1. Restricting attention to the stretch 163-182, which residues are touching a strand residue (DSSP E or B) at 6+ places or on another chain (Cβ under 7 Å) and either within 10 Å of the ligand (Cβ to nearest atom) or at pLDDT below 95 (or both)?
2. Could you list all residues from the stretch 61-86 that are surrounded by fewer than 17 Cβ atoms within 10 Å (Cβ to Cβ) and assigned to a helix (DSSP H, G or I)?
3. Test V330 against the stated conditions and say whether it is assigned to a loop (DSSP other than H, G, I, E, B), under 36 Å from the mean Cα position of the chain (by Cα) and surrounded by 17 or more Cβ atoms within 10 Å (Cβ to Cβ).
4. Count, please, the residues in the stretch 91-124 that happen to be in contact with a Pro (Cβ under 8 Å, 6 or more places away or on another chain), among the aliphatic types (A, V, I, L, M) and closer than 18 Å to P74 by Cα.
5. Checking G269 against (1) within 16 Å of the ligand (Cβ to nearest atom); (2) in a strand (DSSP E or B); (3) farther than 18 Å from A186 by Cβ, only one condition comes out false. Which one?
6. Counting only residues that are small (G, A, S), closer than 22 Å to N131 by Cα and part of a helix (DSSP H, G or I), how many does the stretch 87-121 have?
7. Out of all the residues in the stretch 226-261, which are in contact with a His (Cβ under 9 Å, 6 or more places away or on another chain) and part of a loop (DSSP other than H, G, I, E, B)?
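The values are calculated or read from the model by the stated rules, or taken from the named source; none is laboratory data. Since the model is a prediction, treat every value here as computed from it, not as a measurement. Heads up, the Cβs are rebuilt from the backbone with ideal geometry, glycines too, and the neighbour counts pull from every protein chain shown.
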Amino acid sequence: MTRHVPRHRPKSQSSSRAHASSGAEPQAPDRCPQVLTTALAAGDAPSSNPALTSEIPAHAAREVERQLAQPLAPGLYLVATPIGNLADITLRALAALSRADVVLCEDTRHSRTLLAHFGIRARTEPYHEHNADQMRPRVLASLAEGKSIALISDAGTPLISDPGYKLVREVLAASYTVECVPGACAAIAALAPSGLPTDSFHFAGFLPPRSGQRGTRITALAAIPSTLVFYEAPQRLAETLADLAAILGPRLAVVARELTKLHEETLRGTLPELAMLSATREFKGEIVLLVGPPLDVEITDAEIIERLSSALQSQSLRDAAKAVAGALGVPKARVYDLGLKVNQDA
Ligand code: SAM
(Lines give C-alpha, C1' and ligand atoms only; values in the text may rest on other atoms or scores of the structure.)
Protein backbone atom coordinates (compact mmCIF):
# COMPACT_ATOMS: atom_id res chain seq x y z
CA MET A 1 0.00 0.00 0.00
CA THR A 2 1.34 3.46 -0.77
CA ARG A 3 0.72 6.86 0.72
CA HIS A 4 1.29 10.08 -1.16
CA VAL A 5 1.44 13.60 0.18
CA PRO A 6 2.08 16.37 -2.40
CA ARG A 7 5.58 17.76 -2.19
CA HIS A 8 4.57 21.32 -3.04
CA ARG A 9 1.86 22.11 -0.61
CA PRO A 10 -0.81 24.41 -1.95
CA LYS A 11 -1.04 27.71 -0.13
CA SER A 12 -4.35 26.87 1.42
CA GLN A 13 -6.21 26.29 4.65
CA SER A 14 -7.32 22.89 5.84
CA SER A 15 -10.94 23.39 4.90
CA SER A 16 -12.61 25.16 2.05
CA ARG A 17 -14.70 27.17 4.49
CA ALA A 18 -11.75 28.42 6.49
CA HIS A 19 -10.09 28.84 3.16
CA ALA A 20 -12.51 31.35 1.90
CA SER A 21 -11.87 33.74 4.74
CA SER A 22 -11.29 37.20 3.43
CA GLY A 23 -8.76 39.80 4.27
CA ALA A 24 -9.88 41.92 1.33
CA GLU A 25 -12.58 44.55 1.31
CA PRO A 26 -15.38 43.76 -1.14
CA GLN A 27 -14.80 45.73 -4.31
CA ALA A 28 -16.97 46.79 -7.17
CA PRO A 29 -17.05 44.18 -9.94
CA ASP A 30 -15.32 46.43 -12.43
CA ARG A 31 -12.10 46.54 -10.40
CA CYS A 32 -10.62 43.60 -12.15
CA PRO A 33 -6.95 43.99 -11.17
CA GLN A 34 -8.02 43.57 -7.53
CA VAL A 35 -10.02 40.49 -8.43
CA LEU A 36 -7.08 39.07 -10.29
CA THR A 37 -4.40 39.98 -7.77
CA THR A 38 -6.40 38.24 -5.08
CA ALA A 39 -6.82 35.15 -7.27
CA LEU A 40 -3.11 34.93 -7.91
CA ALA A 41 -2.20 35.62 -4.30
CA ALA A 42 -4.41 32.73 -3.21
CA GLY A 43 -2.19 30.21 -4.98
CA ASP A 44 1.39 29.08 -4.84
CA ALA A 45 4.13 31.67 -4.94
CA PRO A 46 4.64 32.94 -8.49
CA SER A 47 7.43 31.48 -10.58
CA SER A 48 10.96 32.70 -9.91
CA ASN A 49 11.32 33.28 -13.66
CA PRO A 50 11.19 37.12 -13.93
CA ALA A 51 9.70 36.99 -17.41
CA LEU A 52 6.83 34.87 -16.14
CA THR A 53 6.20 36.84 -12.96
CA SER A 54 5.88 40.12 -14.89
CA GLU A 55 4.02 38.79 -17.92
CA ILE A 56 1.46 36.30 -16.60
CA PRO A 57 -0.44 38.68 -14.30
CA ALA A 58 -0.58 41.37 -17.00
CA HIS A 59 -1.95 38.95 -19.59
CA ALA A 60 -4.34 37.42 -17.12
CA ALA A 61 -5.53 40.86 -15.97
CA ARG A 62 -6.20 41.84 -19.57
CA GLU A 63 -8.16 38.62 -20.07
CA VAL A 64 -10.35 39.38 -17.04
CA GLU A 65 -10.73 42.99 -18.24
CA ARG A 66 -11.79 41.72 -21.67
CA GLN A 67 -14.34 39.41 -20.08
CA LEU A 68 -15.65 42.06 -17.69
CA ALA A 69 -16.10 44.52 -20.56
CA GLN A 70 -18.62 42.22 -22.21
CA PRO A 71 -22.11 42.08 -20.72
CA LEU A 72 -23.19 38.67 -19.48
CA ALA A 73 -25.91 37.38 -21.80
CA PRO A 74 -29.19 36.38 -20.16
CA GLY A 75 -29.23 32.78 -18.98
CA LEU A 76 -28.28 30.40 -16.22
CA TYR A 77 -24.54 29.98 -15.58
CA LEU A 78 -23.29 26.92 -13.68
CA VAL A 79 -20.08 28.23 -12.15
CA ALA A 80 -17.51 25.91 -10.57
CA THR A 81 -15.68 27.21 -7.49
CA PRO A 82 -12.56 25.84 -5.77
CA ILE A 83 -12.67 22.62 -3.69
CA GLY A 84 -9.99 23.93 -1.34
CA ASN A 85 -7.25 25.98 -2.94
CA LEU A 86 -8.74 29.36 -3.83
CA ALA A 87 -6.28 29.79 -6.70
CA ASP A 88 -8.31 27.16 -8.55
CA ILE A 89 -11.01 29.74 -9.31
CA THR A 90 -11.03 30.39 -13.05
CA LEU A 91 -10.87 33.77 -14.79
CA ARG A 92 -14.24 33.04 -16.41
CA ALA A 93 -15.73 32.21 -12.99
CA LEU A 94 -14.53 35.55 -11.59
CA ALA A 95 -15.93 37.38 -14.60
CA ALA A 96 -19.28 35.53 -14.53
CA LEU A 97 -19.77 35.97 -10.77
CA SER A 98 -18.86 39.66 -11.03
CA ARG A 99 -21.38 40.35 -13.79
CA ALA A 100 -24.33 38.05 -12.94
CA ASP A 101 -27.48 39.85 -11.80
CA VAL A 102 -27.93 37.23 -9.09
CA VAL A 103 -25.67 34.52 -7.70
CA LEU A 104 -27.64 31.54 -6.38
CA CYS A 105 -25.70 29.88 -3.57
CA GLU A 106 -26.16 26.62 -1.72
CA ASP A 107 -25.14 28.55 1.41
CA THR A 108 -25.11 32.33 1.02
CA ARG A 109 -22.98 32.95 4.11
CA HIS A 110 -20.29 30.57 2.92
CA SER A 111 -20.33 31.89 -0.66
CA ARG A 112 -20.34 35.56 0.37
CA THR A 113 -17.02 34.92 2.08
CA LEU A 114 -15.66 33.40 -1.12
CA LEU A 115 -16.97 36.30 -3.22
CA ALA A 116 -15.58 38.87 -0.78
CA HIS A 117 -12.20 37.17 -0.96
CA PHE A 118 -12.10 38.00 -4.66
CA GLY A 119 -13.52 41.51 -4.18
CA ILE A 120 -16.81 40.59 -5.84
CA ARG A 121 -19.94 42.31 -4.65
CA ALA A 122 -22.79 40.23 -5.97
CA ARG A 123 -26.44 39.93 -5.10
CA THR A 124 -26.71 36.48 -3.53
CA GLU A 125 -29.78 34.36 -2.95
CA PRO A 126 -30.06 30.86 -1.48
CA TYR A 127 -30.77 27.84 -3.66
CA HIS A 128 -30.66 24.57 -1.75
CA GLU A 129 -32.69 21.40 -1.35
CA HIS A 130 -35.06 23.01 1.20
CA ASN A 131 -36.09 26.05 -0.88
CA ALA A 132 -35.50 24.81 -4.44
CA ASP A 133 -39.18 24.19 -5.22
CA GLN A 134 -40.06 27.79 -4.29
CA MET A 135 -36.98 29.27 -5.96
CA ARG A 136 -37.32 27.65 -9.39
CA PRO A 137 -40.39 29.68 -10.53
CA ARG A 138 -38.62 32.84 -9.33
CA VAL A 139 -35.51 31.99 -11.30
CA LEU A 140 -37.59 31.34 -14.42
CA ALA A 141 -39.35 34.70 -13.93
CA SER A 142 -35.96 36.45 -13.67
CA LEU A 143 -34.77 34.74 -16.85
CA ALA A 144 -37.96 35.92 -18.56
CA GLU A 145 -36.90 39.48 -17.61
CA GLY A 146 -33.56 38.92 -19.38
CA LYS A 147 -31.50 38.48 -16.21
CA SER A 148 -28.24 36.55 -15.95
CA ILE A 149 -28.13 34.11 -13.05
CA ALA A 150 -25.12 32.23 -11.73
CA LEU A 151 -25.47 29.05 -9.67
CA ILE A 152 -22.65 28.00 -7.35
CA SER A 153 -22.40 25.34 -4.68
CA ASP A 154 -20.33 25.34 -1.50
CA ALA A 155 -17.39 23.91 -3.45
CA GLY A 156 -16.63 22.43 -6.83
CA THR A 157 -19.01 21.99 -9.71
CA PRO A 158 -22.70 22.65 -9.06
CA LEU A 159 -25.03 19.69 -9.71
CA ILE A 160 -22.28 17.11 -9.01
CA SER A 161 -23.70 15.68 -5.77
CA ASP A 162 -25.03 19.22 -5.30
CA PRO A 163 -28.32 21.00 -6.03
CA GLY A 164 -29.33 22.27 -9.47
CA TYR A 165 -30.44 19.36 -11.65
CA LYS A 166 -34.17 20.19 -11.53
CA LEU A 167 -33.40 23.86 -12.09
CA VAL A 168 -31.36 23.11 -15.21
CA ARG A 169 -34.07 20.78 -16.50
CA GLU A 170 -36.77 23.44 -16.08
CA VAL A 171 -34.65 26.26 -17.50
CA LEU A 172 -33.90 24.15 -20.59
CA ALA A 173 -37.57 23.16 -20.91
CA ALA A 174 -38.43 26.87 -20.94
CA SER A 175 -35.84 27.36 -23.74
CA TYR A 176 -33.47 29.63 -21.82
CA THR A 177 -29.72 29.29 -22.11
CA VAL A 178 -27.74 27.15 -19.67
CA GLU A 179 -23.98 27.57 -19.80
CA CYS A 180 -21.27 25.85 -17.77
CA VAL A 181 -18.28 27.76 -16.45
CA PRO A 182 -16.19 24.68 -15.67
CA GLY A 183 -13.55 24.32 -13.00
CA ALA A 184 -12.74 22.24 -9.95
CA CYS A 185 -14.55 18.98 -9.26
CA ALA A 186 -13.38 16.63 -6.50
CA ALA A 187 -14.21 13.48 -8.51
CA ILE A 188 -11.96 14.53 -11.39
CA ALA A 189 -9.23 15.94 -9.13
CA ALA A 190 -9.09 12.52 -7.44
CA LEU A 191 -9.40 10.38 -10.57
CA ALA A 192 -6.75 11.96 -12.79
CA PRO A 193 -3.75 11.29 -10.49
CA SER A 194 -5.18 8.08 -8.99
CA GLY A 195 -3.29 5.68 -11.25
CA LEU A 196 -6.56 3.82 -11.88
CA PRO A 197 -7.99 3.56 -15.41
CA THR A 198 -9.43 6.87 -16.58
CA ASP A 199 -10.71 5.82 -20.01
CA SER A 200 -13.99 4.73 -18.46
CA PHE A 201 -15.23 5.66 -15.01
CA HIS A 202 -18.55 5.52 -13.21
CA PHE A 203 -19.36 8.36 -10.81
CA ALA A 204 -21.56 6.84 -8.10
CA GLY A 205 -21.81 9.83 -5.71
CA PHE A 206 -22.46 8.99 -2.05
CA LEU A 207 -23.30 5.39 -1.13
CA PRO A 208 -26.31 4.89 1.19
CA PRO A 209 -25.36 5.39 4.87
CA ARG A 210 -27.09 2.15 5.99
CA SER A 211 -25.09 -1.02 5.56
CA GLY A 212 -27.90 -3.12 4.02
CA GLN A 213 -28.73 -0.57 1.33
CA ARG A 214 -25.05 0.11 0.80
CA GLY A 215 -24.37 -3.58 0.16
CA THR A 216 -27.21 -3.77 -2.36
CA ARG A 217 -25.88 -0.72 -4.17
CA ILE A 218 -22.29 -1.99 -4.23
CA THR A 219 -23.50 -5.34 -5.58
CA ALA A 220 -25.37 -3.51 -8.34
CA LEU A 221 -22.14 -1.69 -9.29
CA ALA A 222 -19.92 -4.78 -9.16
CA ALA A 223 -20.05 -5.83 -12.80
CA ILE A 224 -19.39 -2.34 -14.25
CA PRO A 225 -16.08 -2.62 -16.14
CA SER A 226 -14.90 0.86 -15.12
CA THR A 227 -13.22 2.71 -12.27
CA LEU A 228 -15.85 3.53 -9.63
CA VAL A 229 -15.78 6.99 -8.04
CA PHE A 230 -17.52 7.67 -4.71
CA TYR A 231 -17.81 10.63 -2.38
CA GLU A 232 -17.66 9.57 1.27
CA ALA A 233 -17.87 11.14 4.71
CA PRO A 234 -14.77 10.48 6.86
CA GLN A 235 -16.77 8.90 9.70
CA ARG A 236 -18.22 6.31 7.29
CA LEU A 237 -15.01 5.50 5.41
CA ALA A 238 -14.08 2.41 7.47
CA GLU A 239 -17.46 0.69 7.15
CA THR A 240 -17.76 1.56 3.46
CA LEU A 241 -14.29 0.17 2.72
CA ALA A 242 -15.14 -2.98 4.68
CA ASP A 243 -18.33 -3.48 2.62
CA LEU A 244 -16.51 -2.74 -0.64
CA ALA A 245 -13.75 -5.24 0.24
CA ALA A 246 -16.28 -7.92 1.23
CA ILE A 247 -18.32 -7.55 -1.95
CA LEU A 248 -15.76 -6.56 -4.59
CA GLY A 249 -12.72 -8.46 -3.34
CA PRO A 250 -9.09 -7.39 -3.70
CA ARG A 251 -9.49 -4.67 -6.33
CA LEU A 252 -7.09 -1.76 -6.37
CA ALA A 253 -8.45 1.34 -4.67
CA VAL A 254 -7.49 4.90 -3.75
CA VAL A 255 -8.52 7.14 -0.87
CA ALA A 256 -8.01 10.79 -1.89
CA ARG A 257 -8.36 13.13 1.08
CA GLU A 258 -8.40 16.93 1.38
CA LEU A 259 -7.58 17.47 -2.29
CA THR A 260 -5.85 20.78 -3.08
CA LYS A 261 -5.67 21.60 0.65
CA LEU A 262 -2.89 21.72 3.22
CA HIS A 263 -3.42 18.16 4.44
CA GLU A 264 -3.87 16.60 1.02
CA GLU A 265 -3.12 12.89 1.08
CA THR A 266 -3.57 9.95 -1.28
CA LEU A 267 -3.53 6.33 -0.16
CA ARG A 268 -3.31 3.50 -2.67
CA GLY A 269 -3.74 -0.22 -2.00
CA THR A 270 -6.18 -3.10 -2.39
CA LEU A 271 -9.64 -2.76 -0.89
CA PRO A 272 -8.86 -5.21 1.96
CA GLU A 273 -5.61 -3.31 2.74
CA LEU A 274 -7.35 0.06 2.84
CA ALA A 275 -10.24 -1.43 4.83
CA MET A 276 -7.77 -2.73 7.41
CA LEU A 277 -5.97 0.62 7.60
CA SER A 278 -9.18 2.62 7.98
CA ALA A 279 -10.27 0.34 10.83
CA THR A 280 -7.22 1.40 12.83
CA ARG A 281 -6.67 5.01 11.76
CA GLU A 282 -8.93 8.04 11.98
CA PHE A 283 -9.59 9.87 8.73
CA LYS A 284 -10.59 13.53 8.78
CA GLY A 285 -11.68 15.99 6.13
CA GLU A 286 -13.23 15.44 2.73
CA ILE A 287 -12.77 12.19 0.89
CA VAL A 288 -13.09 10.75 -2.60
CA LEU A 289 -12.91 6.98 -2.80
CA LEU A 290 -11.95 5.27 -6.06
CA VAL A 291 -12.16 1.57 -6.85
CA GLY A 292 -10.50 -0.02 -9.87
CA PRO A 293 -12.47 -2.08 -12.39
CA PRO A 294 -13.03 -5.81 -11.85
CA LEU A 295 -9.70 -7.65 -11.86
CA ASP A 296 -8.71 -9.00 -15.22
CA VAL A 297 -8.66 -12.64 -14.19
CA GLU A 298 -10.63 -15.42 -15.74
CA ILE A 299 -13.24 -16.68 -13.27
CA THR A 300 -13.85 -20.35 -13.97
CA ASP A 301 -17.21 -22.13 -13.72
CA ALA A 302 -15.72 -24.30 -10.98
CA GLU A 303 -14.92 -21.22 -8.84
CA ILE A 304 -18.44 -19.89 -9.31
CA ILE A 305 -20.01 -23.24 -8.44
CA GLU A 306 -17.88 -23.55 -5.32
CA ARG A 307 -18.96 -20.10 -4.07
CA LEU A 308 -22.55 -20.71 -5.11
CA SER A 309 -22.78 -24.04 -3.27
CA SER A 310 -21.72 -22.33 -0.08
CA ALA A 311 -24.10 -19.38 -0.59
CA LEU A 312 -27.00 -21.72 -1.38
CA GLN A 313 -26.80 -23.21 2.09
CA SER A 314 -28.40 -20.06 3.50
CA GLN A 315 -29.96 -18.26 0.51
CA SER A 316 -32.35 -18.82 -2.38
CA LEU A 317 -30.78 -19.34 -5.81
CA ARG A 318 -31.82 -15.84 -6.83
CA ASP A 319 -30.16 -14.17 -3.83
CA ALA A 320 -27.14 -16.45 -3.92
CA ALA A 321 -26.56 -15.79 -7.64
CA LYS A 322 -26.76 -12.04 -7.02
CA ALA A 323 -24.31 -12.16 -4.13
CA VAL A 324 -21.81 -14.41 -5.90
CA ALA A 325 -22.00 -12.38 -9.12
CA GLY A 326 -21.25 -9.24 -7.08
CA ALA A 327 -18.37 -10.84 -5.23
CA LEU A 328 -16.70 -12.23 -8.33
CA GLY A 329 -17.61 -9.39 -10.69
CA VAL A 330 -19.29 -11.71 -13.20
CA PRO A 331 -22.75 -11.39 -14.79
CA LYS A 332 -25.61 -12.56 -12.57
CA ALA A 333 -27.16 -14.53 -15.44
CA ARG A 334 -24.00 -16.69 -15.73
CA VAL A 335 -24.12 -17.57 -12.03
CA TYR A 336 -27.87 -18.20 -12.08
CA ASP A 337 -27.61 -20.52 -15.12
CA LEU A 338 -24.79 -22.47 -13.47
CA GLY A 339 -26.95 -22.75 -10.33
CA LEU A 340 -29.85 -24.17 -12.37
CA LYS A 341 -27.50 -26.66 -14.05
CA VAL A 342 -26.07 -27.80 -10.72
CA ASN A 343 -29.61 -28.24 -9.34
CA GLN A 344 -30.61 -30.32 -12.42
CA ASP A 345 -27.51 -32.51 -12.15
CA ALA A 346 -27.98 -33.09 -8.42
N1 SAM B 1 -19.87 19.55 -6.23
C2 SAM B 1 -18.68 19.08 -5.57
C3 SAM B 1 -17.65 18.67 -6.62
O4 SAM B 1 -17.68 19.18 -7.73
O5 SAM B 1 -16.78 17.88 -6.31
C6 SAM B 1 -19.01 17.97 -4.61
C7 SAM B 1 -20.01 18.32 -3.57
S8 SAM B 1 -20.38 17.02 -2.48
C9 SAM B 1 -21.71 17.69 -1.56
C10 SAM B 1 -19.09 17.12 -1.29
C11 SAM B 1 -18.19 15.88 -1.33
O12 SAM B 1 -17.20 16.03 -2.35
C13 SAM B 1 -17.37 15.72 -0.05
O14 SAM B 1 -18.13 15.03 0.93
C15 SAM B 1 -16.21 14.88 -0.53
O16 SAM B 1 -16.58 13.52 -0.68
C17 SAM B 1 -15.99 15.48 -1.93
N18 SAM B 1 -15.00 16.58 -1.84
C19 SAM B 1 -15.24 17.90 -1.95
N20 SAM B 1 -14.09 18.59 -1.82
C21 SAM B 1 -13.11 17.68 -1.63
C22 SAM B 1 -11.72 17.75 -1.42
N23 SAM B 1 -11.09 18.93 -1.37
N24 SAM B 1 -11.02 16.61 -1.24
C25 SAM B 1 -11.65 15.40 -1.29
N26 SAM B 1 -12.96 15.28 -1.48
C27 SAM B 1 -13.69 16.39 -1.65
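1. If the condition is that a residue be touching a strand residue (DSSP E or B) at 6+ places or on another chain (Cβ under 7 Å) and either within 10 Å of the ligand (Cβ to nearest atom) or at pLDDT below 95 (or both), then G164 is the only one that fits.
2. R62, E63, E65, R66, A69
3. yes
4. 2
5. (1)
6. 1
7. Residues of the stretch 226-261 that are in contact with a His (Cβ under 9 Å, 6 or more places away or on another chain), as a first pass: 226-229, 257, 261.
Across the stretch 226-261, the qualifying residues are S226, K261.
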